[in-house]
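Working notes, structure below.
Taken together, the values in this text are just the output of simple stated rules run on the coordinates, not laboratory data. Being a predicted model, the structure only gives us computed values, none of them experimental. Counting neighbours? That spans all protein chains shown, and the Cβs are built from the backbone with ideal geometry, glycine included.
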């Protein structure tokens, strides 16, 4: 949306500008007096106007007397957009986990994400992007791990029977919401949302895991926090005590 949306805005702007010229000619008004809103070109201060469809029809099938030397037929435009800067989405994610110290089994029981992704054009898509991203990150934190044979280099986790992807029953109901601070670097005011979940959730989940293990004096645990790894960390602290 940042790059493609910016190009679309510029191209549509060109089409609207051309539509104003066509409407001005057909409505016998100055181009500067033509306003465009809600899909309609109108003469400022009057009820005289034409819909976008009518303007498009006139553009492709010009009426007699249309100044083709000034306005070429059609409403086709192209535009190039190069972002002048990066966007910087941000947010706050909170996870709650429960751990069985006797087995190392871990349950992610609650997850809440609030992110500022700029102007939200389609809430459903944004929520889906964030939801999917944080599930991917949670999978990285809790189970996904590539294992290779140290002698042959053969990948030992080459199928989903061995590589622990997150499944629906591994996850709680995830609460996702957004805040909107308009980005100043693009015409739509949008920020990226595709990687918001994947960046935040591994750290969020692992911090929750370490916090749950803090009574045992554990301050760090490498990903993924598999039951075996969690149990081993607990046992090591017990033996050291």
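Below are the figures for this structure:
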{"quantity": "Count - residues of region 27-56 that are buried (at least 17 other Cβ atoms within 10 Å of the Cβ) and outside any strand (DSSP E or B)", "calculated": "4"}
{"quantity": "When residues of region 206-228 are limited to those that are closer than 14 Å to residue 97 by Cα and without any contact (Cβ under 8 Å) to a residue 12 or more places away in the chain, the one surrounded by the fewest Cβ atoms within 10 Å (Cβ to Cβ)", "calculated": "214"}
{"quantity": "Residue in region 71-84 that is more than 36 Å from the chain's Cα centre (by Cα), loosely packed, with under 10 Cβ neighbours inside 10 Å, without any contact (Cβ under 8 Å) to a residue 40 or more places away in the chain and in a loop (DSSP other than H, G, I, E, B) present", "calculated": "no"}
{"quantity": "Residues of region 153-167 satisfying the condition of being in contact with a strand residue (DSSP E or B) (Cβ under 7 Å, 6 or more places away or on another chain) and more than 17 Å from residue 224 (Cβ to Cβ)", "calculated": "154"}
